[in-house]
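Q: Dropping a structure here in structure tokens format, bear with me for questions.
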Amino acid sequence: LPQHTCSWLKGKSTLFKYQDFWSYEEIIKEVVLAQQSLKAHPTDVFLCSYPKSGTTWLKALVFAIITREKFDESNSPLLTTMPHNCIPFLEVELEQTIASQGNSSFVATHLPYNSLPKSILASNCKMVYIYRNVKDVIVSYYHMAREAVKLPMEDAPFEEAFDEFYHGFSVYGPHWDHILGYWKASMERREIIFFLKYEDLKKEPSINVKKLAEFIGYPFTIEEEKAGVIESIIKLCSFENLSNLEVNKNGYANEMIENRLFFRKAKDEDWKNYFTDEMIEKIDNLIYEKLGAIGLVLK
Ligand code: A3P
């Protein structure tokens with residue numbers, strides 16, 4: 001497979017190109033296995049995203065929505081379990097994913113649409129695709145990738161990180177191809193692919209959580225709405241709440257990544273603290289060229 005060593009990470013991270021995306025060797029091995037062995041069930045729902053676009057938040061919300069009859073903000077497993085351990089990642093926890101098949105299950109994935117195991121498409125599984133303003137994704141990605149190999153900011157210049165991301169060298173990148181793949185598919189399969197924008201979820205949480213619950217087959221009843229169930233789910237899954245829980249402040253999501261790295265700032269337009277005018281122009285032009293035709297606003 002073609003490979004690329006990220007110079008801005010001081011050679012500590014090597015990506016391989018499989019099909020049309022870049023990733024780590026261990027993940028690609030799991031992807032190949034998933035493509036060969038996953039037998040999706042028509043009631044499985046996939047939570048799809050490019051990394052750093054709000055995956056953790058989406059997992060928490062979906063978990064809170066589907067378990068709300070048993071749990072609320074006083075006893076939810078989310079208070080003691082990291083959202084990533086509540087809903088597995090297809091290409092990371094393949095065994096767990098396969099074990100849960102047959103029951104309708106919720107599974108997350110960062111895989112591009114064209115690399116999803118064929119049985120997901122053949123079974124017409126529903127997918128929620130969360131996406132986010134590309135500049136905030138780049139800043140969030142910069143910190144995650146750097147912290148994963150324990151490089152302080154002074155040793156990992158943002159300009160170099162930007163340049164690599166811009167040229168498509170990022171985990172599951174290029175980012176714009178990821179969005180485009182799901183977007184094109186959603187044109188033909190509108191009823192089974194739900195696009196959710198991170199910034200919209202932040203701006204209008206109630207409307208979007210309601211839509212999300214409906215889409216995944218767990219609509220709120222009028223009684224629940226009146227009783228404020230939507231608001232308590234939003235509060236339970238808020239950045240303020242989740243980022244302050246012991247479980248999310250400590251512990252590891254995997255060997256390399258600490259839980260706390262999934263809860264950095266969650267601030268819109270943090271990119272303004274990093275981007276030069278030249279970078280803004282470059283990325284805006286690229287996104288316009290790649291995604292302008294489909295009218296997705298990613299500024
Ligand atoms: P920042 O790095 O900008 O803070 P992912 O979950 O896909 O890895 O995305 C991580 C981004 O989502 C991080 O962005 C993180 O802080 C933010 N995030 C995590 N939990 C959140 C929540 N409950 N609400 C809003 N944003 C959240």
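Q: Tell me the residue from Lys52, Lys12, Lys17 that is closer than 30 Å to Phe165 by Cα, charged (D, E, K, R), in a loop (DSSP other than H, G, I, E, B) and more than 16 Å from the ligand (Cβ to nearest atom), please.
A: Unique residue meeting the criteria: Lys12.
Q: In this structure, is Ala185 within 22 Å of Thr67 (Cα to Cα) and surrounded by 17 or more Cβ atoms within 10 Å (Cβ to Cβ)?
A: Considered against the rule, which asks whether it is within 22 Å of Thr67 (Cα to Cα) and surrounded by 17 or more Cβ atoms within 10 Å (Cβ to Cβ), Ala185 comes out as no.
Q: Then there is this: Return the residues of the range 20-47 that are in a helix (DSSP H, G or I) and among the charged types (D, E, K, R); say none if nothing qualifies.
A: Those that are in a helix (DSSP H, G or I) and among the charged types (D, E, K, R): Glu25, Glu26, Lys29, Glu30.
Q: Taking into account only those residues within the range 39-50 that are crowded, with 20+ Cβ neighbours inside 10 Å and of a type outside the set (D, E, K, R), which is farthest from Val134 (Cα to Cα)?
A: Taking the candidates together, the pick is Ala40.
Q: Just to be sure before I move on: is Leu58 modelled with pLDDT of 95 or more, within 13 Å of the ligand (Cβ to nearest atom) and over 28 Å from Asp20 (Cα atoms) in the structure I sent?
A: It is false that Leu58 is modelled with pLDDT of 95 or more, within 13 Å of the ligand (Cβ to nearest atom) and over 28 Å from Asp20 (Cα atoms).
Okay, residues lined up against (1) away from the ligand (no atom under 15 Å from the Cβ); (2) more than 19 Å from Tyr131 (Cα to Cα):
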site: Lys226; (1), (2): yes, yes
site: Phe262; (1), (2): no, no
site: Thr276; (1), (2): yes, yes
site: Lys290; (1), (2): yes, no
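Q: Looking at (1) surrounded by fewer than 16 Cβ atoms within 10 Å (Cβ to Cβ); (2) on the phi > 0 side of the Ramachandran plot; (3) within 13 Å of the ligand (Cβ to nearest atom), find the lone condition where Lys267 falls short.
A: Answer for Lys267: the failing condition is (2).
Q: Also: Restricted to the range 8-31, and to residues that are in contact (Cβ under 8 Å) with a residue 12 or more places away in the chain and over 13 Å from Phe169 (Cα atoms), which residue is surrounded by the most Cβ atoms within 10 Å (Cβ to Cβ)?
A: From the range 8-31, those in contact (Cβ under 8 Å) with a residue 12 or more places away in the chain are 8-10, 12-13, 15-24, 27-28, 30-31; that's our starting set.
Remaining after also requiring over 13 Å from Phe169 (Cα atoms): 10, 12, 19, 27-28, 30-31.
Numbers: Lys10: 13, Lys12: 15, Gln19: 14, Ile27: 19, Ile28: 20, Glu30: 18, Val31: 23.
Filtering first and then ranking leaves Val31.
Q: With Asn208, Asn254 as the choices, which residue is loosely packed, with under 14 Cβ neighbours inside 10 Å and closer than 24 Å to Pro51 by Cα?
A: Testing whether each residue is loosely packed, with under 14 Cβ neighbours inside 10 Å and closer than 24 Å to Pro51 by Cα leaves just Asn254.
Q: Return a yes/no flag: does the range 66-86 have any residue that is among the basic types (Lys, Arg) and within 14 Å of the ligand (Cβ to nearest atom).
A: Scanning the range 66-86 turns up no residue that is among the basic types (Lys, Arg) and within 14 Å of the ligand (Cβ to nearest atom).
Q: Among the numbered conditions (1) in contact with a Phe, Trp or Tyr (Cβ under 6 Å, 6 or more places away or on another chain); (2) assigned to a loop (DSSP other than H, G, I, E, B); (3) surrounded by fewer than 20 Cβ atoms within 10 Å (Cβ to Cβ); (4) in contact (Cβ under 8 Å) with a residue 40 or more places away in the chain, tell me where Leu1 comes up short.
A: Among (1) in contact with a Phe, Trp or Tyr (Cβ under 6 Å, 6 or more places away or on another chain); (2) assigned to a loop (DSSP other than H, G, I, E, B); (3) surrounded by fewer than 20 Cβ atoms within 10 Å (Cβ to Cβ); (4) in contact (Cβ under 8 Å) with a residue 40 or more places away in the chain, Leu1 violates only (4).
Q: Could I ask something else about it? Can you list residue pairs whose Cβ atoms sit under 7 Å apart, with the first residue in the range 233-250 being more than 13 Å from Pro205 (Cβ to Cβ) and the second being surrounded by fewer than 21 Cβ atoms within 10 Å (Cβ to Cβ) and of a type in the set (S, T, N, Q)? Count only pairs 6 or more apart in sequence or on different chains.
A: Every condition considered, the pairs that remain are Val247/Thr80; Val247/Thr81.
Q: Within the set of pairs 6 or more residues apart or between chains, which connect a residue that is of a type in the set (Phe, Trp, Tyr) inside the range 125-148 to a residue that is part of a loop (DSSP other than H, G, I, E, B) with Cβ atoms less than 7 Å apart?
A: Tyr131/Tyr50; Tyr131/Ser53; Tyr141/Pro51; Tyr141/Lys52; Tyr141/Ser170
Q: Follow-up question, since we're still on this one. For the list (1) away from the ligand (no atom under 15 Å from the Cβ); (2) assigned to a helix (DSSP H, G or I); (3) of a type outside the set (Lys, Arg), I need the number of the one condition that Glu255 fails.
A: (2)
Q: Return the residues of the range 201-238 that are outside any helix (DSSP H, G or I) and of a type in the set (Asp, Glu); say none if nothing qualifies. Show your work before the answer.
A: Pass one, the range 201-238, residues outside any helix (DSSP H, G or I): 204, 216-221, 227-228, 237-238.
Within the range 201-238, just Glu204 meets the criteria.
Q: Still on this structure: In the range 167-200, how many residues are polar (S, T, N, Q) and part of a loop (DSSP other than H, G, I, E, B)?
A: Matching residues across the range 167-200 total 1.
Q: Criterion first (surrounded by fewer than 20 Cβ atoms within 10 Å (Cβ to Cβ) and within 16 Å of the ligand (Cβ to nearest atom)) does Ala156 satisfy it?
A: Criteria not met by Ala156.
The values are calculated or read from the model by the stated rules, or taken from the named source; none is laboratory data. What you are looking at is a predicted structure, and each value in this text was computed from that prediction instead of being measured. Every residue, glycine as well, gets a Cβ built from its backbone with ideal geometry; the counts of neighbours run over all protein chains shown.
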